[in-house]
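Q: Quick one: structure below, then a few questions.
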Amino acid sequence: MKISLKRAAEKDWENVSFFEKSVSESKYYSAVTKENEVKEYIKKSHVFLILKDNKPVGTISYEMKDKNHAYLDGLTVHPDYQKQGIAKKSIEILMSELKGIRLITLVVHPKNTPAIVLYLKHGFYINGWKDNYFGDGEPRIEMSKENS
């Protein structure tokens, strides 16, 4: 299995929307699904299509908050491809791209145990809790990773 990341362009909005919708049933993930929202997301963040053997199977993204701080603002893997190590490999690829960035942060739903474990294994630590983080009535755990 070969996993790679390809930067999404505005023309990829339907692919990005498809993967966001594929996990939108979960109350643990705040999906971006409308055309204008997805296009804005692609402009604002570094959005990548996750490719498994050159076939899109998900997305991963981050937004630069400043030159020393990246915020991981999305990770989706289509349900048909989950539990195959794709998210793990995608995080590894992204972390190597962000190696020079001092601080990397993210938020995750407290009931999304697989994601929390994945982030902890990649050096993130839990540093806070926010009720109603996205205005969806659901709490989120704040996690950080500091690179030296």
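Q: Within the set of other residues whose C-beta is less than 11 Å from the C-beta of VAL77, count the net charge using Lys and Arg as +1 and Asp and Glu as -1.
A: That works out to +3.
Q: What's the extension gain from GLN82 to SER4 if we count 0.36 nm per residue and subtract their Cα-Cα distance?
A: 26.5 nm
Q: Given a 1.4 Å probe, how much area per residue of the chain is accessible, in Å²?
A: Normalised by residue count, the accessible surface of the chain is 55 Å².
Q: Could I ask something else about it? Nearest-5 percent of antiparallel DSSP beta bridges in segment 42-148?
A: Close to 85 percent.
Q: For LYS121, which aspartates and glutamates qualify as cross-link partners when the Cα separation must be under 17 Å and same-chain residues fewer than eight apart are set aside?
A: Partners found: GLU92, GLU142, GLU146.
Q: A further question on this structure: Output the Cα-based Rg and Dmax of segment 73-114 in Å, rounding Rg to one decimal and Dmax to a whole number.
A: Gyration radius and largest Cα-Cα distance of segment 73-114: 11.9, 34 Å.
Q: Could you tell me whether segment 43-126 comes out rounded, prolate or oblate from its Cα gyration tensor? Rule is a ≥ b ≥ c as square roots of the eigenvalues, rounded for a/c under 1.5, then prolate if a/b exceeds b/c, otherwise oblate.
A: It comes out oblate by the Cα gyration axes.
Q: Sum up the charges of everything whose Cβ sits under 10 Å from the Cβ of GLY128, counting Lys and Arg as +1 and Asp and Glu as -1, but leave GLY128 out.
A: My count for the surroundings of GLY128 gives +1.
Q: Whenever you get a sec, compute what percent of the accessible area on the chain sits on carbon and sulfur atoms (1.4 Å probe).
A: Using a 1.4 Å probe with all protein chains present, the chain comes out at 49 percent carbon and sulfur.
Q: For GLY74, what residues show an amide H to amide H distance below 5 Å, using hydrogens built from the backbone and excluding near sequence neighbours?
A: Sorted by chain and number, the residues that satisfy this are SER61.
Q: Sticking with this structure for a sec: Taking a label point 7 Å from the Cα of GLU142 along the Cα→Cβ vector, which residues of segment 81-120 have an amide N closer than 12 Å to it?
A: Residues passing the 12 Å test: 105-108.
Q: Could I ask something else about it? Just add up the charged neighbours of ASN54: K/R +1, D/E -1, any other residue whose Cβ is under 14 Å from the Cβ of ASN54.
A: That works out to +3.
Q: Compute the length gained on full extension between ILE126 and GLU97: take 0.36 nm times their separation in residues and subtract their Cα-Cα distance, giving the result in nm to one decimal.
A: Full extension of this stretch gives 8.2 nm more.
Q: Right, next: Just the ratio, please: alpha-carbon radius of gyration of the chain over 2.2 N^0.38 Å, N its number of residues.
A: 0.98
The values are calculated or read from the model by the stated rules, or taken from the named source; none is laboratory data. Note that the structure is a prediction, hence the values are computed from the model and not measured. Here Cβ is always computed from backbone atoms with ideal geometry, including for glycine, and neighbour counts include all displayed protein chains. Heavy atoms of the whole protein, side chains included, go into the accessibility calculation; ligands, DNA and RNA do not. Shrake-Rupley method; radii C 1.70, N 1.55, O 1.52, S 1.80 Å.
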